[in-house]
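J.: Take this structure first; my questions come after.
The values are calculated or read from the model by the stated rules, or taken from the named source; none is laboratory data. As the structure is a prediction and not an experimental result, all values here were calculated from the model. All Cβ positions, even for glycine, are placed from backbone atoms using ideal geometry, and neighbour counts span all protein chains on display. Protein only, heavy atoms only, side chains kept; ligands, DNA and RNA dropped before computing areas. Shrake-Rupley method; radii C 1.70, N 1.55, O 1.52, S 1.80 Å.
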Amino acid sequence: MAAADAIVAEFRAFGAGLRRDKFCVRSALDIIDRCETSGVGILGIEGFYLTDTTTIPQLDHILDLSAGMMAYDVARQFLCNSEGLPLFYEFTFHG
């Protein structure tokens, strides 16, 4: 199992959505911390509103880190800027 898959698996109990791969801001911040300590690059983070029947992507809550996959502080700031919104976040990892 790749390091990124192991991180998501570790947090899946706190996840939402069909695959339990979308996380509230608190869990998302913990995932970023774990990626940093494990050296796992983050390519992007996408925000979603979730209902019981629908997943609604939020185009104004997408962070592209493909040019700097180790930009953990940028990822944290992105999440903090959306704090208070009922968003869930999905990660795209390098590797």
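J.: In the range 56-75, which residues are small (Gly, Ala, Ser) and touching a strand residue (DSSP E or B) at 6+ places or on another chain (Cβ under 7 Å)?
T.: Ser66, Ala75
J.: So which of Ala67, Ala2, Ala16, Ala75 ends up being open to solvent by 70 Å² or more (accessible area, probe 1.4 Å) and among the hydrophobic types (A, V, I, L, M, F, W, C)?
T.: Sole residue among the options that is open to solvent by 70 Å² or more (accessible area, probe 1.4 Å) and among the hydrophobic types (A, V, I, L, M, F, W, C): Ala67.
J.: For residues in the range 19-42 being open to solvent by 50 Å² or more (accessible area, probe 1.4 Å) and farther than 16 Å from Pro86 by Cβ, which is modelled with the lowest pLDDT?
T.: Out of the qualifying residues, it is Arg19.
J.: Select from the range 43-55 the residues that are touching a strand residue (DSSP E or B) at 6+ places or on another chain (Cβ under 6 Å) and not hydrophobic (A, V, I, L, M, F, W, C) and write down the one among them that is nearest to Asp5 (Cα to Cα).
T.: Here the residue is Gly44.
J.: Of the numbered conditions (1) out of contact with any strand residue (DSSP E or B) (no Cβ under 9 Å at 6 or more places or on another chain); (2) closer than 12 Å to Glu90 by Cβ, Ser38 satisfies every one except a single condition; which is it?
T.: Of the numbered conditions (1) out of contact with any strand residue (DSSP E or B) (no Cβ under 9 Å at 6 or more places or on another chain); (2) closer than 12 Å to Glu90 by Cβ, the odd one out for Ser38 is (2).
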